[in-house]
Every structure is written in structure tokens, then in C-alpha cells.
1. Where in chain A are the DSSP H helices whose alpha-carbon span along the long axis reaches 30 Å or more and whose Kyte-Doolittle mean is at least -0.5?
2. Give, rounded to the nearest 20 debye, the magnitude of the charge dipole that the range B:4-235 has about its Cα centre when Lys and Arg contribute +1 at Cβ and Asp and Glu contribute -1 at Cβ.
3. If you count only protein heavy atoms and use a 1.4 Å probe, how large is the accessible surface of residue B:76, to the nearest 10 Å²?
4. Output the peptides A:172-182, A:59-69 sorted from most to least packed, where packing is the average of other Cβ atoms within 10 Å over each peptide's residues.
5. Among B:320, B:254, B:302, which residue has its Cα positioned farthest towards the positive end of the charge dipole of the range B:242-362, with +1 placed on the Cβ of Lys and Arg, -1 on the Cβ of Asp and Glu, and the dipole taken about the Cα centre?
6. Other chains near B:127-137: what is the mean number of their Cβ atoms within 10 Å of each residue's Cβ?
7. With +1 on the Cβ of every Lys and Arg and -1 on the Cβ of every Asp and Glu, and nothing else charged, how large is the dipole of the protein assembly as shown about its Cα centre, in debye rounded to the nearest 20?
8. Can you compute the modelled spin-label distance between residue B:349 and residue B:111, with each label point 7 Å from Cα toward Cβ, in nm?
Amino acid sequence: MTALAPQDRPESRTSDSPSPAPPSAAPHERSSPLSRVGGYLGLLLVILVVALPLYWILISSLKERPDIYTVPVTWVPDPFTAANYSRVGTGVAFTDYLRNSIIITTVLTVVEVTLGVLSAFALAFLRFPGRSLVLLFVIASLMVPNQVTVISNYALVAQLGWRNTFAGIIVPLAGVAFGTFLLRNHFLSLPKEIIEAAEMDAAGPLKMLWRVVLPMSWPTLIAFVLITIVTEWNQYLWPLLMADDSSTAPLPVGLAQLQDTAGLTNWGPVMAGTVLTMLPILVIFLLLQRHMIKGLTAGAVKG
Amino acid sequence: MASVTFQEVTRSFAPGERPAVDRLDLEVQDGEFLVVVGPSGCGKSTSLRMLAGLEPVTSGRVLIDGVDVTGRRARDRDVAMVFQSYALYPNMTAGENMAFALKNLGVSKADISTRVAEAARVLQLEDLLDRKPAKMSGGQRQRVAMGRAIVRDPKVFCMDEPLSNLDAKLRVSTRAEIANLQKRLGTTTVYVTHDQTEAMTMGDRVAVLRAGQLQQIGSPTELYERPVNTFVAGFIGSPSINLIDSVPVRDGRAVLTDSLQIPVPGAAGRAADRVTVGIRPEGADVVGAGAGNPGDAGRLPVRVARVERLGSETFAFVDPVGLVAGSTGRADHLVFRLDKRLDVREGSELVLTVHSAEVLVFDAAGSALS
Ligand SMILES: Nc1ncnc2c1ncn2[C@@H]1O[C@H](COP(=O)(O)OP(=O)(O)OP(=O)(O)O)[C@@H](O)[C@H]1O
Ligand SMILES: [Mg+2]
């Protein structure tokens, strides 16, 4: 909003320059109508960019097949149909894929969050030789794109005979460089005195983590959990390479399969499958985001 | 109950730089309340943290009760710390904050609740035990932080400016409470502050640090009346002492003006060429307004530049008249404490009688002459 109306930023206004509104007006009332309209237009644009594709998915999943392709575009399905949703189940083993997704995402989230918290704690609070070297490795591994390691990982996992197993999908994905980095930085931002107070109060490392550090870190931790869940739920490339059928493949692979079986032009069932795939994540997000509150260190330190 | 000894304790943060604490030698008796003062950055906190085990020692030894604890972890030293920021655990109630250490140390549940209840009673925290720090006032948080230290019944209390976050009034009452509590518990206490009222009123002894080096340690009166150098003299006392540099010495007397000549103690002092003279703000009385008797010894004619009335007392910032050539006051003006009933105005002239016996004399390097 300020980018659209830079002349209106209060700090850029000097006392002798004429202001577009009476000086007595409250700060939020000062912006000119023009800049407000501009701001809302900007917001609208962002909403369109984000929400339109989602809306399109939703209505396409509720349309009959010929209606999806009509020109001009119809924005409300007419008639509404749930047929696409039932065709999702008949086209592919949807529940199998769903089960696989849940298994893979749950295991990966638990493993990554546990490893991330523990490694970040060690890197932030424990003194041991080679600490900065370890940190350097973690950061370096953040810079390597996943695709680079796909081939060597594939060779290794195939050699182990792990193709079409959950282990083959999960183990190579369980790296936590990002979580380690994020949580370590968060831990370092906690008030140092509280950690020292806990040290003086004879809290061992685990007690320190559970009773002192984590209670001040829930928002960051939950954000990390959410990011992990979404990332792992949407994993596509690696499971596609690892899994040949619905015995281990997760939903994104299943959706691609669905497109194959339903025919390349039959978008209805694919969109319905997509909606069904998104739903669990949406629910989890709504449940978790309520806990992402600020101010957990309130009252701990003054100044 | 324990004594604390610092033996040549040094802490350098970066090699080649001036150490934050430089060969500190300190002896705190069992049950003593030692206040450590000094300007910002002089190494007070660092010294305290070395005692607590939160900061490694570069060289030297820290002893508690005669036992070398230099290499020991904080938790194994049986020392409790009250932080300037209180550092309470935000997710725990006041009671849990106090019980945390005891739980970690494996104290039995029944024992914990009696000790917490006792501490809460002493600190008047009974009604707040179930409240979290976010819902407490600054003073209440401060008391919880104190409570967390006293429930442990440690060998030593370390307190790092525990009152600096309180407002002036609360600070005065809490100051007295802490001093009383320490007397009652009899726990050896090292208390860091830069507030010199706290230093004068709370401690059995006061240690003055400057740039990591111990300047002087002694009772508050000793420090006030017999400071070892101009730094200690200037640091202790508010408003601070009037220091006049490069005062010429003639016949064993420091000559400030024709009418004010201070006998210089010690043979070395009498032989010196120039000295620094220190006069406390309360070290002079007004003789009479206007021109006095310039002939009298111990009299200092001054012109008033500024007056500060605090209600109970008045401080006059004055310029001496006829100060001997070459000598200069260290501050812009000399400051004297006057009777509040006295009617002094800016620009008026006064003659002060200086109590020569209370005047301090330092050599050119700043060390006290005696
Ligand atoms: N972690 C650190 N790394 C490097 N230098 C430090 C560190 N901690 C303190 N110092 C330096 O050590 C010196 C002493 O610091 P210290 O905190 O002990 O001062 P202080 O006397 O407590 O001051 P204040 O009254 O402002 O709290 C300062 O010059 C400071 O810059
Ligand atoms: Mg300090």
C-alpha cells in the first residue's frame, strides 16, 4: 500500500510540506482516498492470483464433463454434480493412496521434527568440538537442490532393495537441514538469561528442552510442523520414482495416475481428487494456526 | 554458608585486548554482603558470572568455602543467581518457578512445598503462587526471582543489579527488604550494582572496580572518607566530590586561593609539586553572603552559577573566586550542599568555610596521600 502511495508515508512528511488531510486527523485516516483505493486494488489482485485457481479447481470438480470446457466460462457449476467425486474412487485406489500419504507424512513429520528440535538444541546450547563445522554442513546441505541428489539416492536405495517400500520413500526424505537451521536461530533468539537461570537451577539438557526452551518456542515449532506436513504431503518426484503402485505411493502420485486412467481430457475426477487431497491439510492448518500465538515469553524478562 | 575467594581471576574475551576482569583478588567472608560497584563495562557482571559458573575463567581460581570451583559447572556450585531481567520461566507459575530447581535437585515433594511456602511467606508472595509472570507487576516478578534463589538455600547469592528495573520508590523499599532478608538468612551475598546509594546502604563492604581492576574494598564509610584514589573518591558519593587538579604545594600546604590552604599529609606529598584536592559537597559551610574576609585561612570565596533545590536540601554550583593560577576544577563548577533555608541566587557571591580536616589530597597520579 505504501508502495502505491509513497508520498503518503507519515515519516516522509515534513512539518512544512502540505499534508493532504488535516493534521488533526488520526494516522489511519490520513491516507488519501486514492491511495486507499490503490491499496484495495492491490489486495484484490493478490487474492485473485491466489484464490482463483483454487476456486477453479473446486468448481471444475463439481461440473459435468462438457461444462468444464464451455466458452464463455461459467463461474457457477450448472448443474452441480458430485459424480466426479465418486469417479475418483473407482478410477484409482484412492483410499490406498490416502493411507500411504498419511503414513509417509506422519512418519516423516515425527522424524523431522524430533531430529530438527534435537539437533537445533545441540547446535544452539551445547558446547562440543566441531559445532560450527556441523552447522556449516547443515547450511551447505540447504543449498543443494533435491533434484541433484535424486540419481545417487535412487541408485543407493534400489541397491538396498528398498524400491516399493515405505523405508525407500521415507528415509531419503527425512533430512532436516531446514528445520535445524530455523529452530536453531529461534533458540538463539530466546533470552539468554532464562537459559542460564535453568542451568543454575540444575536443569539437565532434556529438562531444559522440555520445560524451558520448548514452552517458549511453540509458535515457531508449530510453523515448522505445518511446513513439514505440507511439504511431505505434496511430495511427488521421489515417491514417483520409488513406488510403482498403490501399495506405497502417496496421493500426488495417485492423482497423476488418476489422470492417466480417467483420460487426459477428463479433468473432473482429477479436480475432485485434488480437492480431496487438499482437505486434510486445510483442516490441519485451521487446527494448528490457532496455536501460533505470539508473546510466549511475556513476563519472562524485563527490558 | 560459605566464603568466596577470587585469586588472580582474569577473564579475557579476545586475546590481545584489555581483559574484562584483570587479576581480581577478592575475599568475601562467610555471611557477608559484598556490593560490587563501578561504571558501566568495568567487569562487574563478568566477575559475578565467573563466580556463578556462567562465564569461563581465563586464568586464576575461584574458591567457594576454600574449595576450588573454577572448573565446575554452574549447577554443581550451589550458587543462586538473581538476574537483572529476572529471567523467570514464562510458562510456569510463580510457585513452579521457585520449585523448579528443587525438583531438578531431587528434593522430595513435601519438602519442596514447605520450602516454597516458606519463601512465599517471607517475600509476601502467597497470593501469587499460582500466577504466571506475565500477569505480575515488576516488583512482584522481582520477588519471585528472589524467591527462586532463596528456596534453594544456596551457599552464595549472586545478584546482578536486581533492582534496576524497578521504579524509584519500589527500589528504596526493596533495597531494605533484600538487605534485611540477607541478614536474616545469613547467606554470603555478592551484589552488583551501579547505584551508589545501594552500595552505601546495603553492603557490609563495597568493592570498587574500574576497567576490570579492583580499586578498593572496604566498608562504605571507609570508601567515602578514605578513598585510595580520585576514581573511588569520584565514584562514591552523590553529587560527586569536587576535584581540583594541579594545585601547587607551598611549604607543605596546597594553595587553592590566598585564603584556602590545605595541609598536605605525608612527606611525599609535601615534597610534591602539584596535587589534586578533593572537597565533598558537604565539606563547606556558608559564612556570609557577599565579600567576606579574604584573609582567613580555610575560606573560599565563590560566585554562584546555578542553584538546584531538591526540597530537603539545596545544591549550589559555584565558581571559586581567585583560584590560584594553573589549577582547574575537574567539573565545570564546584558543587556544595547548602542549607535549604539559605537564600542563594544565581550570580550572588558567598564565602565558604572549608572543613580542612575532611579535605582529601591526592598526588598528581591520583593516589591518595596520607
Ligand atoms: N560476551 C562478551 N564478549 C565480548 N566482550 C564482552 C562480553 N561480555 C562482556 N564483554 C566486555 O567485558 C567488559 C565488562 O563487561 P561487564 O558486562 O562485566 O560490565 P558491567 O560492569 O557489568 O557493566 P554494566 O554496569 O553496564 O552491566 C565490557 O567491556 C564488555 O564489553
Ligand atoms: Mg552488568
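The values are calculated or read from the model by the stated rules, or taken from the named source; none is laboratory data. The structure presented is a predicted model; accordingly, all values stated were derived computationally and were not measured. Please note: Cβ atoms are built from the backbone with ideal geometry, for glycine as well, and neighbour counts cover all protein chains shown. Side chains are part of the model used for accessible areas, which takes the heavy atoms of the whole protein and leaves out ligands, DNA and RNA. Shrake-Rupley method; radii C 1.70, N 1.55, O 1.52, S 1.80 Å.
1. Working: long enough: A:33-61 (40 Å, 1.78); A:94-125 (45 Å, 1.42); A:267-289 (32 Å, 1.87).
Taking the DSSP H segments of chain A (at least 30 Å long, mean hydropathy at least -0.5), we get A:33-61, A:94-125, A:267-289.
2. Numbers: 30 positive and 28 negative charges, 126 e Å.
Roughly 600 debye, rounded to the nearest 20.
3. Counting only protein heavy atoms, residue B:76 exposes about 70 Å² to solvent.
4. Peptide ranking by packing, descending: A:172-182, A:59-69.
5. B:254
6. Working: counts 0, 0, 0, 0, 1, 3, 6, 6, 2, 1, 0.
What the average comes to for B:127-137 is 2.
7. Working: 62 positive and 62 negative charges, 170 e Å.
Taking the Cα centre of the protein assembly as shown as origin, the dipole is about 820 debye.
8. Taking the two extended label points, one gets 7.7 nm.
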